[in-house]
Every structure is written in C-alpha cells, then in structure tokens.
1. Given the criteria in a helix (DSSP H, G or I), out of contact with any strand residue (DSSP E or B) (no Cβ under 9 Å at 6 or more places or on another chain) and of a type in the set (D, E, K, R), does Lys288 qualify?
2. Looking for whichever is surrounded by 18 or more Cβ atoms within 10 Å (Cβ to Cβ), in contact (Cβ under 8 Å) with a residue 12 or more places away in the chain and under 17 Å from the mean Cα position of the chain (by Cα) here; the options are Leu276, Leu280. Which one fits?
3. Suppose we filter Ala263, Ala271 for residues that are among the hydrophobic types (A, V, I, L, M, F, W, C), over 20 Å from Tyr169 (Cα atoms) and surrounded by fewer than 19 Cβ atoms within 10 Å (Cβ to Cβ); which single one remains?
4. Looking at the stretch 128-156, which of the residues that are of a type outside the set (D, E, K, R) and assigned to a loop (DSSP other than H, G, I, E, B) is farthest from the chain's Cα centre (by Cα)?
5. Residues of the stretch 1-54 being among the hydroxyl-bearing types (Ser, Thr, Tyr), at pLDDT 90 or above and farther than 20 Å from Ala92 by Cα, which ones?
6. Would you check if Leu192 is modelled with pLDDT of 95 or more and either out of contact with any Lys or Arg (no Cβ under 8 Å at 6 or more places or on another chain) or part of a helix (DSSP H, G or I) (or both)?
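The values are calculated or read from the model by the stated rules, or taken from the named source; none is laboratory data. Just so you know, these numbers come straight off a predicted model, no measurement behind them. When we count neighbours, we look across all protein chains shown, and the Cβ atoms used for this are built from the backbone with ideal geometry, even at glycine.
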Amino acid sequence: MILLTGATGFVGRAILKNLIKNMRFSVRTFGRSLPFSEPDLTQHVYGNLDADADYTGALLGSDVVIHCAAMAHVHKDSTDKKSEFNRVNCAATIKLAKQAVEQGVKRFIFISSIGVNGGHNQQRAFRFDDISQPWDEYTQSKYAAELGLQQLAKETGLEVVIIRPPLVYGANAPGNFGKLVQAVKAGKWLPLGAIHNQRSFVALDNLVDLIITCVTHPHATNQTFLVSDDQDVSTTQLLEKMSRAVGKSPRLLPVPMSWLRLAGKLTGKQAVIDRLCGNLQVDISHTKTILGWQPPISLEEGIKRCFIEDKEGC
C-alpha cells in the first residue's frame, strides 16, 4: 500500500494517475478533498497537513509514503513567513514520518526542491552532494524537513528518499510556465529573444517516472536525487521550442537582459526576471548511475505534450 499526499496538486495528481494504471500498487490518498470525482478509484482519508494532525488512519497498512503535499505560498502580508512555511513543510512532514515509523512504513519519499541547493548557479551545475544553500523561507523549510528526515532515518531505520526537482512543466502547469504557454498559444510578442542563460527543467512525466522508480528500487534508500530532462536550454530556446510545438513562428523581441533586469526592479518583478534570465543547471549523473535511470521523454516531447494534452482536455 502506498500513501500519497498532495494528490490534488499538479505533481501529485499525475503520480496518482500513474499508480492507478500500475496494477502492482494499491494506493491511498490523504488531504482535504478527493483528488478525483470518482471516489471508487482510490481510498481517501480526509485531513489537513499540520504538525498537530493524526495521520494514523491514513498510514495504517502502508508500506511507502510519497509526500508531495506542501505549502508553496503564504499571504503576501504575512509577518512571519518562515514560521508558516516551517509549520507545514517541516514540522508536519516530520510528524507524518514519525507516525509512519510507528505504523511500520518502510520507505518515505519526500519531494523537496532544487532551491535547497540554491537560487542560481554560475560556475557549474548543481550536484546532489553540494553544500545546501536554500535561498528563501520556502526552500529553508524544505531543507529543514530533509535534515529531520535524515536524522529520523539514522535513529529508526526508515528508508528516506529525497528528490529535488527544478521547475516542473506539463499540460496545465501552474505559475509562470503556464503563463508562458498561454502567451505562446495566443501568439503574443514577448521581450525574451536575447536571453543567453542555461536552465534545467523537468517534464512532469519524467519526474513521475523517477518517483515511481524510487518506490521499489533497492538502491534508492537514503539517497538524495536531483532530476531534470538532462537537456539544458536558454529561456529564449525554450520559447522557440514551445512556439514550434504549437505550430507558430516565435514572436520574440531581442530585448537586452540588462533592460529586463531594470524593468524588473522598477515594476517589483525582479524575482520573476531573475528566474527568466538566470542560470539554474542540474547535474543528474548521480541519479542516473545509482538507479540506472534515464528520463523517458525528451524536453521536446515534454513541451509537445503541454499543448497536445491541453487540447485533449487532460
């Protein structure tokens, strides 16, 4: 039995669909609402992710936990973002893991963030064994959870698997990637035609495949895995590929990055511009070596699926 948290989210929903198709696994979900309109597809336990929650009923009979649920955003007017993130992303995670041990769970797969490594890189790609440099309250809470899980593994023998993805994309992706998809589909001109950075991304299908691999792989125990499509591109190249995938000519204005950064400062969008213009590369050689794993689809195929699946209403 696999317990999956966060099954109503972008990544969790895709994991659940994969698990349901894979007849080797039975699955139970935990969360505030049903992940699908058809409750017969899976067992579900209602509850909130919180440090004071009791997860016993959800964990009963489970062998593996895939923990996707997290707090990604807090209200912009919050006076203590660090405390809010830690309450859900760290304290609640450790509480879930401790109760998992009590219920005889063997393996705990934690979906963390590449932001634990840092916000950007310059000299070389991030590696799994780099010194962690979480750069904001969210990634700090993820790193605190990682440390807590690793300590619990030492004390109890729980098999902990940590996965740190970069930006995850796919059909109906949330956030800035979803906005770029809509802009490309609408044929809008974008001032992003002269960005010479390098970034790693991971297609939703590739991330899900790695997570499912880690459910049973004997060498995944107590490992930290970075994941990507293993194909880095600039923001400009990404948008060119997106345009071709939807059958349109790229509409990109070659605005210098220095101008974009200035515009970001003036409009309060500096963080967005930094992500569009900065470097964030991921070295997944450790993941491939330890697990014998390769991303099953290419970046080009992943981008194509963003548009094809959206047209099909998936």
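1. Numbers: in a helix (DSSP H, G or I): yes; out of contact with any strand residue (DSSP E or B) (no Cβ under 9 Å at 6 or more places or on another chain): yes; of a type in the set (D, E, K, R): yes.
It is true that Lys288 is in a helix (DSSP H, G or I), out of contact with any strand residue (DSSP E or B) (no Cβ under 9 Å at 6 or more places or on another chain) and of a type in the set (D, E, K, R).
2. Leu280
3. Of Ala263, Ala271, the one residue that is among the hydrophobic types (A, V, I, L, M, F, W, C), over 20 Å from Tyr169 (Cα atoms) and surrounded by fewer than 19 Cβ atoms within 10 Å (Cβ to Cβ) is Ala263.
4. Applying the first criterion (of a type outside the set (D, E, K, R)) to the stretch 128-156 yields 128, 131-135, 138-141, 143-145, 147-153, 156.
When the remaining residues are screened for being assigned to a loop (DSSP other than H, G, I, E, B), the result is 128, 131-135.
Working: Phe128: 16, Ile131: 20, Ser132: 17, Gln133: 18, Pro134: 15, Trp135: 16 Å.
Top of the filtered list is Ile131.
5. Listed by number, the list is empty, since nothing qualifies.
6. Here the answer is no, as Leu192 does not meet what is asked.
To keep it simple, each residue is scored yes or no on (1) more than 18 Å from Ile114 (Cα to Cα); (2) at pLDDT below 95; (3) in contact with a Cys (Cβ under 9 Å, 6 or more places away or on another chain).
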| site | (1), (2), (3) |
| --- | --- |
| Ile211 | no, no, yes |
| His219 | yes, no, no |
| Asn222 | no, no, no |
| Leu226 | no, no, no |
| Asp229 | no, no, no |
| Leu252 | yes, yes, no |
| Ser258 | yes, yes, no |
| Leu276 | no, yes, no |
| Asn279 | no, yes, no |
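The rows are residues; the columns are (1) over 24 Å from Ala58 (Cβ atoms); (2) among the small types (Gly, Ala, Ser); (3) surrounded by 20 or more Cβ atoms within 10 Å (Cβ to Cβ); (4) touching a strand residue (DSSP E or B) at 6+ places or on another chain (Cβ under 8 Å).
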| residue | (1), (2), (3), (4) |
| --- | --- |
| Ser113 | no, yes, yes, yes |
| Asn117 | yes, no, yes, yes |
| Arg127 | yes, no, no, yes |
| Gln133 | yes, no, no, no |
| Ala145 | no, yes, yes, yes |
| Gly148 | no, yes, no, no |
| Thr156 | no, no, no, no |
| Lys179 | yes, no, no, no |
